[in-house]
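Worksheet: one structure, shown below.
The values are calculated or read from the model by the stated rules, or taken from the named source; none is laboratory data. Keep in mind that this is a model prediction, so the values were computed, not measured. Every residue, glycine among them, receives a Cβ derived from its backbone with ideal geometry; neighbour counts consider all protein chains shown. For the accessible areas, the whole protein counts, side chains as well, though only heavy atoms, and no ligand, DNA or RNA atoms are used. Shrake-Rupley method; radii C 1.70, N 1.55, O 1.52, S 1.80 Å.
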Amino acid sequence: TDHHCDSLWRRQAAAPLGFIKKEKQEMKSGEKLNVHSQKVYDILKKDFSKILKYASKSPSDEGDFFLKIEFESPNVNEEFGIYFDTEDNMLTVGFSCYHYHTYFFAETVYEEEVLSATEVIQSIMDNELFAAKIYKKGRYTSSILLEKEVITNNELKNHRWLKQDCDKVEIISWNGDFDQEIVLTGGGLKDNLMKIIRTWFGRN
């Protein structure tokens, strides 16, 4: 359905200047997408056509092209926005320091995976998903996506990727409203999270 696409488009249209990168130049007809990218493009054209105004083609190692879509973040503290591409016969969605790949096999349903990717993008733009940089002894070790309720409901300590010996998590939100550094030492995780929650409520 096109409902999800309309929701994403409304956020783009109502956003402040600079939210989205300038519209890409029209793709040249001689630049042929590879088979995988063309399948994804056809689905987007059918169900999410407005997003394609921000699409471009990038050359692959095989001499053809893959699809790439980019959105600039309105967060003044974050250099990297959201990108979506079909390089290497995958679907990749990235935001800030984090990205994930979807691999395609014979049984993969393209429509489901494309829809899932657009839902992730929408959730990031709605501040329902955050990028999280994980640190150990002052050194960046990895990144994950965290749901908003994991932070606000004090469930971070139970997250499966945070049970190891990490000591700080940096939260990066789409528009910057929820950007925080959560220190997991000192007064204890529970105390630190409660301080952050009180800070958020104090802002509103």
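Sort Val35, Val40 from largest to smallest accessible area, using a 1.4 Å probe on the heavy atoms of the protein chains.
On the way: Val35 110, Val40 0 Å².
Of Val35, Val40, the descending order of accessible area is Val35, Val40.
Between Val76 and His101, what is the spin-label point distance in nm, taking each point 7 Å from the Cα along the Cα→C-beta axis?
Simple spin-label model gives 3.7 nm for this pair.
Sticking with the crude label model, points 7 Å out along Cα→Cβ, report the distance from Tyr140 to Lys45 in nm, one decimal please.
3.8
Run through every distinct alpha carbon pair of the range 29-93 and return the Kirkwood hydrodynamic radius in angstroms, one decimal place. Don't jump to the answer; show the numbers that get you there.
On the way: mean 1/r = 0.0800 Å⁻¹.
For the range 29-93, inverting the mean 1/r across all distinct Cα pairs yields 12.5 Å.
At a probe radius of 1.4 Å, what is the per-residue accessible area of Asp47, in Å² to the nearest 10?
Rounded to the nearest 10, the figure is 30 Å².
So which trypsin sites (Lys or Arg not before Pro) in the range 102-148 end up in coil per DSSP with only 13 or fewer other C-beta atoms within 10 Å?
Values: sites: Lys133, Lys136, Lys137, Arg139, Lys148; in loops: Lys137.
Answer by residue number: Lys137.
Give the shape of the range 105-145 as rounded, prolate or oblate, defined through the alpha-carbon gyration tensor: a ≥ b ≥ c are the square roots of its eigenvalues, a/c under 1.5 means rounded, and otherwise the shape is prolate if a/b is larger than b/c and oblate if not. If you can, show how the numbers build up before the last one.
Details: a/c = 7.02, a/b = 1.83, b/c = 3.83.
Since a/c reaches 1.5 but b/c is at least a/b, the shape of the range 105-145 is classed as oblate.
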